[in-house]
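J.: I'd like to ask some things about the structure below.
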C-alpha cells in the first residue's frame, strides 16, 4: 500500500512537471519566438498588411472597401462617390466615404448559379450603372468592353483589387470629378498596376485603396 501511494505521488509529480514544462515551451516560448520572427522578417504582413495615409491606418491591402456618399434620408443603399475609383460589386464590403476609416461586415459569395434570374438582374443593373457612371462628355463606355470584375463580386466579397481594364474604364470619370488631366490619372493607374506573381501566377491587378490614396494626394497637390 505504501509503495502504491509513493508510485502515485511520483506519477503525479512527473505529470505536473511535464505540464509545467510543456506550458512554458508551447504556451510562452514558442508563441514569442514565432511572433518575434514574424515581426522581424514579415512585419507588414504580421500586422495585417495595414495601409497608412496621413499617419493613420486607413485599411488593409488585403480587404476591400466601399467608397460611397453618406446615406440620404429614405435611402437604404448608399450611392457611390464617383470622385474615387470604385471596387468591384460586393455585399460584403464595409463603407468608406472619406478614406480614413473602415468597417468590416459579412464576407461571402452570393452562391447564385449562372442562370439564376436574380444574379442575371444584378449583373445587368451593374452593367447599366458602370456604363452610366463612367461615360463622360469626352469618353463613352461600351457595355461590351466591361470586364467581369466590373459587374460581379468576388468569392469572398472583400476583394481589394480590380483589373487594370476596369481601372482604365474609370479614368476619365475620376479625372473629370477631380479636375485632373486624364493623362495624370492614367499614369497613376499604371504606377499602381501589379503584374502576375513571379511573372506567371494570377492576373495583373490594381489595389483600389492604394490607388485612391495616391489619387487623394494628387488631387491635393493640384
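Any read-out appearing in this document is the output of simple, stated calculations on the displayed coordinates, not a laboratory observation. All of these numbers come straight from a predicted model, not from anything done at the bench. So basically every Cβ, Gly included, is an ideal-geometry build from the backbone, and we count neighbours across all protein chains shown.
J.: To the nearest 10 degrees, how steeply does helix 117-134 sit against the main Cα axis of the chain, on a 0 to 90 scale?
T.: So the helix axis and the longest Cα principal axis differ by about 60 degrees.
J.: Provide the descending list of Cα extents for segment 118-222 along its principal axes, expressed in whole angstroms.
T.: Principal extents (largest minus smallest coordinate, Cα): 43, 39, 21 Å.
J.: Given labels modelled 7 Å from the Cα in the Cβ direction, how far is it in nm from residue 49 to residue 218?
T.: Taking the two extended label points, one gets 2.3 nm.
J.: Let me ask another. What is the distance, in nm, between label points placed 7 Å from the Cα along the Cα-to-Cβ direction at residue 109 and at residue 127?
T.: So the label points at residue 109 and residue 127 sit 2.1 nm apart.
J.: Have a look at 187, 86, 165 and tell me which one the Gaussian network model of the chain (Cα, springs below 10 Å) gives the largest fluctuation.
T.: Between 187, 86, 165, it is 187 that shows the largest mean-square fluctuation.
J.: Calculate the FRET efficiency for residue 145 and residue 57 from the Cβ-Cβ distance with a Förster distance of 41 Å, rounded to the nearest 0.05.
T.: 0.70
J.: Here is a follow-up. In nm, to one decimal, how far is the modelled label at residue 6 from the one at residue 28, with both set 7 Å along Cα→Cβ?
T.: Taking the simple label geometry, residue 6 and residue 28 are separated by 3.3 nm.
J.: Evaluate 2.2 N^0.38 Å with N set to the residue count of segment 2-43, then give the Cα radius of gyration divided by it.
T.: Ratio of Rg to 2.2 N^0.38 Å for segment 2-43: 1.92.
J.: For segment 193-221 and segment 1-80, what is the centre-to-centre distance using only Cα atoms, to the nearest Å?
T.: 29
J.: At 20 °C and a viscosity of 1.002 mPa s, what translational diffusion coefficient does Stokes-Einstein give for the chain, taking Rh as the Kirkwood radius over Cα pairs? Give it in µm²/s as a whole number.
T.: 103
J.: May I pose another question? Over the chain, with a Gaussian network built from C-alpha contacts below 10 Å, which listed residue (150, 191, 18) shows the highest mean-square fluctuation?
T.: With Cα springs under 10 Å in the chain, the top fluctuation among 150, 191, 18 is at 18.
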